[in-house]
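J.: One structure follows; several queries about it will come next.
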Amino acid sequence: MAVRRRRANRPRERGRSLSVNGRVARVERKTRETEVSLVLNLDGSGVYRVETTIPFLNHMLEVWAKHGLLDLTVDARGDTEVDLHHTVEDVAICLGQAFRAALGEARGIVRYGTAFVPMDEALASVVVDCSNRPYLTFNAPLGHAKIGDFDVGMVPHFLRSFSLNAGVTLHVNLYYGENLHHITEAIFKAFGRALSEATRLNPRARGVPSTKGKL
């Protein structure tokens, strides 16, 4: 794995590279199961190009980027003939790593973000804290039904993998809903909007948003 950052030297490890320029991060990860290349811009306008070979995952990442005003490029391939799990998990890992790298020291950010998103009969909320304290609370009983080939039971696993790698606290709540597509899409839209709010630079803020002086 080779990790390269402009502000610090990082240990070399096999199978991964990471580079940062401002609040834009690129991650490349290659294993025996998957190969992922991802670029994330926290100061984007919702421009995306996503190809994971999993149509529903593509759709969720697209709405995440569009409604979170996050520019996102993803090119992912994996052993989907075995299972979708590896590709879904590794995309989440790379997305979390890119987010954490792009955020840097988090100076001047709002830090907290909250979004409520309705989609027809469904209403979901996501609350985030960019705290370097990864945690997921997921109150949305989705079961393991499938939308196309996508097991919606992978949604909390995706969010947990993101949280662990991004250093973000996530609270996801479903208030009501019946259609699994609507529920999942409302969650991803709220996820994007909450992150957009939390990472916004506040001109009144000075330094790191913590009394500890460091996140």
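Values in this text are rule-based calculations from the coordinates and carry no lab data. Keep in mind that what you see is a predicted model, and the values were worked out from it rather than measured. Because the Cβ atoms are built from the backbone with ideal geometry, glycine has one as well, and the counts that use them run over all protein chains shown.
J.: Tell me, what HN-Hα J-couplings in whole Hz come from the Karplus equation 6.51 cos²θ - 1.76 cosθ + 1.60 at θ = phi - 60° for each residue of region 196-208, using x for Gly and Pro?
T.: 4, 5, 5, 8, 4, 7, 9, x, 7, 7, 10, x, 7
J.: Ratio of Rg to Rh for region 94-215, alpha carbon only, Kirkwood?
T.: 1.02
J.: Figure the gain on full extension for residue 107 and residue 144 (residue separation times 0.36 nm, minus the Cα-Cα span) and round it to one decimal in nm.
T.: That works out to 9.3 nm of additional length.
J.: Which GluC sites (Glu not before Pro) from region 132-215 combine a DSSP loop assignment with at most 11 other Cβ atoms within 10 Å?
T.: The qualifying sites are 178.
J.: Using the alpha carbons of region 51-125, what is the convex hull volume per residue in cubic angstrom, as a whole number?
T.: It comes to 117 Å³ per residue, whole-number rounded.
J.: If you bin every alpha carbon distance in the chain into 5 Å steps from zero, what whole percent lands in each bin?
T.: Pairs per bin, as whole percents: 1, 8, 15, 21, 21, 17, 10, 5, 2, 0, 0.
J.: Okay, moving on. On a full-extension model of 0.36 nm per residue, what is the gain between residue 204 and residue 37, subtracting their alpha-carbon distance, rounded to one decimal in nm?
T.: Using 0.36 nm per residue and subtracting the Cα-Cα distance, I get 56.6 nm.
J.: Separate question: Simple spin-label model, 7 Å along Cα-to-Cβ: residue 17 to residue 178 in nm?
T.: Placing both labels 7 Å along Cα→Cβ, they lie 5.1 nm apart.
J.: Roughly how far apart, in whole Å, are the Cα centres of region 27-100 and region 109-138?
T.: Taking the Cα centre of region 109-138 as reference, the centre of region 27-100 is 19 Å away.
J.: Sticking with this structure for a sec: Just add up the charged neighbours of residue 97: K/R +1, D/E -1, any other residue whose Cβ is under 9 Å from the Cβ of residue 97.
T.: In short, +3.
J.: Still on this structure: At 222 nm, what value in deg cm²/dmol follows for the chain if DSSP H runs of at least 4 each add -39500 (n - 2.57) and the sum is divided by all its residues, to the nearest 500?
T.: Helix-only estimate at 222 nm: -10000 deg cm²/dmol.
J.: At most 12 other Cβ atoms within 10 Å and a DSSP loop assignment: could you name the trypsin sites (Lys or Arg not before Pro) in region 167-211 that fit?
T.: In loop regions of region 167-211 (DSSP not H, G, I, E or B), the sparsely surrounded trypsin sites (Lys or Arg not before Pro) are 204, 206.
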